[in-house]
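The values are calculated or read from the model by the stated rules, or taken from the named source; none is laboratory data. Since we're looking at a predicted model, the values are computed, not measured. Cβ placement follows ideal geometry from the backbone for every residue including glycine, while neighbour counts extend to all protein chains displayed. Areas reflect the complete protein model, heavy atoms only, side chains present, ligands, DNA and RNA absent. Shrake-Rupley method; radii C 1.70, N 1.55, O 1.52, S 1.80 Å.
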Amino acid sequence: MRIEKLTTLSLALFLLIGRGYASKTYEKRFYETAPIIAETPIIDGVLNDAIWLKGLWQGGFIQRDPYAGANPSQNTEFQIVYDQDYLYVAIKALDDSPDSVSYRISRRDDIEGDAVGLAIDSYYDKQTAFGFWVNAAGVKKDFIITNDGDKEDQNWDPIWWVKTAKSSQGWTAEMKIPLNQLRFASLDNLIWGLQVGRYYFRKQEASYWQFVPKDASGWVHNFGEISGFSGLTPKRQVEFAPYVVTKTERFKTEANNPYMTGKRNELNLGADAKIGLTNNFTLDLTVNPDFGQVEADPSVVNLSAFETYFEEKRPFFVAGSNLFGFNLQGGDGDGAAENLFYSRRIGRSPQIYPDTETDDEKVDFPSNTTILGATKLSGRTNNGLSVGVMESLTLNSYAQIDSLGKRHRELAEPLTNYFVGTLKKEFNKGNTIINSIFTSTNRQFTDATKDKLHKNAYAGGVDLQQYWKNKNYFLNVKLYLSNVNGTKNAIAKTQNSSARYFQRPDVKHVSLDSSRTSLTGTGGLLQFGKVGEGHIRYMSSLSWKSPELEINDLGYSNSVDDISQSVWVGIRFWEPVFIFRNININLNQWMGWNFGRDNTYKGGNINFNLQLKNYWGIGGGINRSGERLSNSALWGGPMLKLPGNWNGWYNISSDQRKALTFTVGGSNNWGDEGYSRSKSYFAFINYRPSKNISLTLVPEYSVRTNKLQYVGKADYTGPSRYINASIDQKTYELSLRLEYSINPEVSLQYYARPYLSSVKYYDYKYITNPLANKFENRFEKYSESQLTYDSDNNEFSVVENSNTYLFSKRDNNYLDLQSTMIARWEYRPGSTLFFVWTMGKQDSYQTPSTSVGNDVDNLFSSHPHSIFLVKFSYRLN
């Protein structure tokens, strides 16, 4: 039954939920391939080779989106044949309006427009598949699917060939896939899982050869099958790619600083290799890696005590990252980034800055530690055991120090070995999965640095996933632990870090023990939910991290001492109804405690995303966070009670099929008792004036007021003075991205991001009763007569009860511009030539901004730091 006319969204939802869902039963489909007897096809996209003209085409695709189970708007047909080294695929994307096909040229894996492709479960484990897609313009997209479709790794870049061509009946694609890029068993009669799909851009319609209902749990285990292989033997993959990088830097000359001469030149040699130990196991190697073509991290002004998380972008560490990850929590909330393995630790910025005694001492401090080499072994046996091992070694990094011509060096980061090992085994047709991980960090210290960092750090975890009722329901249990050891000073530093603050004067369930030389902590997760069949899905979870958990040597976690409970309910309508193409609604609830059984936070939200039948989209939500207790707001001081807040957000997006598209939105936050107020606005604008040019603009503006921003702890003879202030912060940023793709192998990209952030501190106060019921009773404001500002030292002196103490004035105006231009030519598969220009400008002032125009002038007039780089790599296969 279809609902044609409804007056309100609420009535539509009521009727849709009430009518239930009865999905059709679709039979598994089978495809019989055949070996090539005569000449192999020429890969040109024109399907006029004898093998295609004589072969039988298979079609019968079924629409999955938007009308699941319906016939597609356009028909699609394909053939697959093979020889002893390659798989050959031909696909006809028939179209009754061939002039309306969308041809969009872009970089690899970033395909847009009409597209076709296939996914092959050559392991035949019903969990893993290798994907090969191409759009009508010939742009590749390749990926590995794991966990039965839960994860997709688009950083896998195999060697394969594909061409497309226009025809009077639509367009065609022709592929040649080396069998050494696939993983399969040595059997006489091979059977693989197979899925072939098409994306019809004009109607944003997806259709597949093997239909899989929208509410089906999992993906790969629902594939059809391909058989007919005979005499195939597994292939070993062997590739070697040496490279050379030449780089020159230009920056501002600084008088009396021998390290700031205005220029620096560098020549580097290195190599990457990929060696197939067997068909199923591959060893990746990199020696003296260079990542100069990787885009820089975005700038951010961080006023918290916690580390900013940045995504991994380096190709060696991004590829296959799904195998090495071990998330501490599920979902996509604030804790989604927490992981036992955070690859950005490898090659990180050095952590030990030298103490300089006079202004005459000049320091040349390295921006990153040098990775001597890294190896990665990964693969999967025929019985479902996945193995991953990664080993990396970073060299000693030194800060060079010059004092009036006399030079010496100090260790900034010691020689460090990083190790990650993972095992994953699937049982019971993929319904039971056990995953484990072990990480270690081992440093070689000198006496001067042994108190700064852990000598050794270990972490490990076990993850059990159990599915039942055709994978519609699941139970997930995770247990993990950590151990760090070092000198007494190093472990005391860990106890006092922002993740735990054991030195807090009011804490009772933990204590600072300066005699300890190790810490051992634990954590875990219990999760149960329904993830398939029907419109309603849900999940409930309980997680914990003990106070002594410490994983940040090779993992990432901002805070511990936490027990968290959450519930999620999702409502999905994928069939078009009324004015909507699809409807997604989410309800969330959460609550947390520390190990002292204090209720530290609680909240909930409701959010929605709707796509209309005219292809526009609307999204938004409202969030309520209750009063919370923070053990970090005073940076080692007592626990502070902070008011709750309301937060609302919204966005609207235009028809993404058009040449000009946009998404605009914003958010508003209101703190209880006038504690805080913030708002933000953004726009995402993309314009494609032609099939091979894309221009993207993302302007953002935010303003924030907070009446309790930590300033510092003062030396006071009486009770400790934890000084706070009110702040006004304004941030402007604009991201500009221009992409020009001459063809899928040659492209030019330019990226620029000016960032302006100004913070003004005022209404200074000190905490008196951090847990008082009323917000205004938790602090005492300084009177104007108590504060005297010293402009020479940029600090305030305070006279209180015949005592005088100091604290810094923290007003700041930070200006930053980052830009990168990358010309890339993949002159043969896997071999590339890069021309890269990166330019950065930074400036800052100890006074808040008075004019955005002046800030822009000051930023663009500041001296740039430019890097010009050429990287040439040649892959031998």
query = Applying the selection to the stretch 321-355, what residues are farther than 21 Å from Asn558 by Cβ, open to solvent by 30 Å² or more (accessible area, probe 1.4 Å) and not aliphatic (A, V, I, L, M)?
reply = Asn322, Tyr353, Asp355
ask   = Can you name the condition, by its number, that Phe240 falls short on among (1) of a type outside the set (A, V, I, L, M); (2) touching a residue at least 24 places away in the same chain (Cβ under 8 Å); (3) open to solvent by 70 Å² or more (accessible area, probe 1.4 Å); (4) not in a strand (DSSP E or B)?
value = (4)
key: Selected residue [assigned to a strand (DSSP E or B), over 30 Å from Leu303 (Cα atoms) and either modelled with pLDDT of 95 or more or of a type outside the set (S, T, N, Q) (or both)] from Ile723, Ile742, Ile685   = Ile742
Of residues in the stretch 406-441 being of a type in the set (A, V, I, L, M, F, W, C) and within 28 Å of Thr146 (Cβ to Cβ), the one modelled with the lowest pLDDT = Phe427
task = For the stretch 549-588, name all the residues that are in a strand (DSSP E or B) and closer than 30 Å to Trp635 by Cβ.
result = Tyr556, Asp562, Ile563, Ser564, Gln565, Ser566, Asn588
message = Of everything in the stretch 451-489, what is hydroxyl-bearing (Ser, Thr, Tyr), assigned to a strand (DSSP E or B) and either farther than 16 Å from Ser546 by Cα or open to solvent by 60 Å² or more (accessible area, probe 1.4 Å) (or both)? Give them in sequence order.
response = Tyr458, Tyr467, Tyr473
query = Only one residue in Ser498, Ser518 is at pLDDT 95 or above and either over 30 Å from Gly534 (Cβ atoms) or surrounded by 16 or more Cβ atoms within 10 Å (Cβ to Cβ) (or both), so which one is that?
reply = Ser518
task = For the stretch 652-690, enumerate the residues that are farther than 30 Å from Ile111 by Cα and not aromatic (Phe, Trp, Tyr).
result = Ser667, Asn668, Asn669, Gly671, Asp672, Glu673, Gly674, Ser676, Arg677, Ser678, Lys679, Ser680
ask   = Looking at Asp763, Asp816, which one is closer than 30 Å to Asn645 by Cβ, open to solvent by less than 30 Å² (accessible area, probe 1.4 Å) and charged (D, E, K, R)?
value = Asp816
remark   = Picking from Ala448, Ala399, Ala412, Ala492, the residue that is in a loop (DSSP other than H, G, I, E, B) and either within 30 Å of Ser632 (Cα to Cα) or not acidic (Asp, Glu) (or both) would be Ala448
key: Enumeration of residues in the stretch 578-587 that are in contact (Cβ under 8 Å) with a residue 40 or more places away in the chain and of a type outside the set (A, V, I, L, M)   = Phe578, Phe580, Arg581, Asn582
note = Over the stretch 619-637, the set of residues open to solvent by 20 Å² or more (accessible area, probe 1.4 Å) and either of a type in the set (Phe, Trp, Tyr) or in contact with a Lys or Arg (Cβ under 7 Å, 6 or more places away or on another chain) (or both) is Glu627, Leu629, Asn631, Trp635
Tabulated pairs, the stretch 851-877, first surrounded by 16 or more Cβ atoms within 10 Å (Cβ to Cβ), second assigned to a loop (DSSP other than H, G, I, E, B), C-beta under 7 angstrom, 6+ apart or interchain = Asp855/Ser849; Leu869/Gly292; Lys871/Asp290; Lys871/Gly292; Lys871/Gln293; Arg875/Gly830
ask   = Considering only the stretch 115-134, how many residues are open to solvent by less than 30 Å² (accessible area, probe 1.4 Å) and either of a type in the set (Phe, Trp, Tyr) or without any contact (Cβ under 8 Å) to a residue 40 or more places away in the chain (or both)?
value = 3
ask   = Of the residues that make up the stretch 431-439, is at least one under 30 Å from Asn222 (Cα atoms), open to solvent by less than 20 Å² (accessible area, probe 1.4 Å) and hydrophobic (A, V, I, L, M, F, W, C)?
value = yes
ask   = Do we find a residue being at positive phi and buried (at least 20 other Cβ atoms within 10 Å of the Cβ) anywhere in the stretch 105-114?
value = yes
query = Between a first residue in the stretch 348-362 that is within 12 Å of His408 (Cβ to Cβ) and a second residue that is of a type in the set (Gly, Ala, Ser) and surrounded by 15 or more Cβ atoms within 10 Å (Cβ to Cβ), which pairs have beta carbons less than 7 Å apart while being 6 or more apart in sequence or on different chains?
reply = Pro354/Ala399
message = Going by what's in this entry, would Thr308 be described as within 30 Å of Tyr701 (Cβ to Cβ) and assigned to a loop (DSSP other than H, G, I, E, B)?
response = yes
request  = Quick one: Ile742 ticks every box in (1) surrounded by fewer than 17 Cβ atoms within 10 Å (Cβ to Cβ); (2) in contact with a Ser or Thr (Cβ under 9 Å, 6 or more places away or on another chain); (3) more than 30 Å from Pro505 (Cβ to Cβ); (4) not hydroxyl-bearing (Ser, Thr, Tyr) except a single one, so which number is it?
outcome  = (2)
task = Could you check, for the stretch 319-330, whether at least one of its residues is within 30 Å of Asn605 (Cα to Cα), under 13 Å from the mean Cα position of the chain (by Cα) and without any contact (Cβ under 8 Å) to a residue 24 or more places away in the chain?
result = yes
key: Complete set of residues in the stretch 198-216 that are open to solvent by 10 Å² or more (accessible area, probe 1.4 Å), assigned to a loop (DSSP other than H, G, I, E, B) and either of a type outside the set (S, T, N, Q) or in contact with a helix residue (DSSP H, G or I) (Cβ under 8 Å, 6 or more places away or on another chain) (or both)   = Phe211, Pro213, Lys214, Ala216
inquiry  = Quick check on my filter: what residues within the stretch 568-580 are open to solvent by 10 Å² or more (accessible area, probe 1.4 Å) and in contact with a strand residue (DSSP E or B) (Cβ under 6 Å, 6 or more places away or on another chain)?
reply    = Trp568, Val569, Ile571, Arg572, Trp574, Ile579, Phe580
remark   = Taking the stretch 356-389 and keeping residues on the phi < 0 side of the Ramachandran plot, surrounded by 18 or more Cβ atoms within 10 Å (Cβ to Cβ) and assigned to a loop (DSSP other than H, G, I, E, B) leaves Thr369
inquiry  = Residue under question is Gln729, and the condition is that it be in a strand (DSSP E or B), closer than 14 Å to Tyr675 by Cβ, touching a residue at least 40 places away in the same chain (Cβ under 8 Å) and over 24 Å from the mean Cα position of the chain (by Cα); does it hold?
reply    = no
query = Identify, please: which residue in the stretch 521-542 is of a type in the set (A, V, I, L, M, F, W, C) and buried (at least 17 other Cβ atoms within 10 Å of the Cβ) and is, among those, modelled with the lowest pLDDT?
reply = Val531
key: Residue identified as surrounded by 13 or more Cβ atoms within 10 Å (Cβ to Cβ) and in a loop (DSSP other than H, G, I, E, B) among Pro754, Pro770   = Pro770
ask   = Is it true that some residue in the stretch 662-676 is surrounded by fewer than 16 Cβ atoms within 10 Å (Cβ to Cβ), touching a strand residue (DSSP E or B) at 6+ places or on another chain (Cβ under 6 Å), assigned to a strand (DSSP E or B) and not aromatic (Phe, Trp, Tyr)?
value = yes
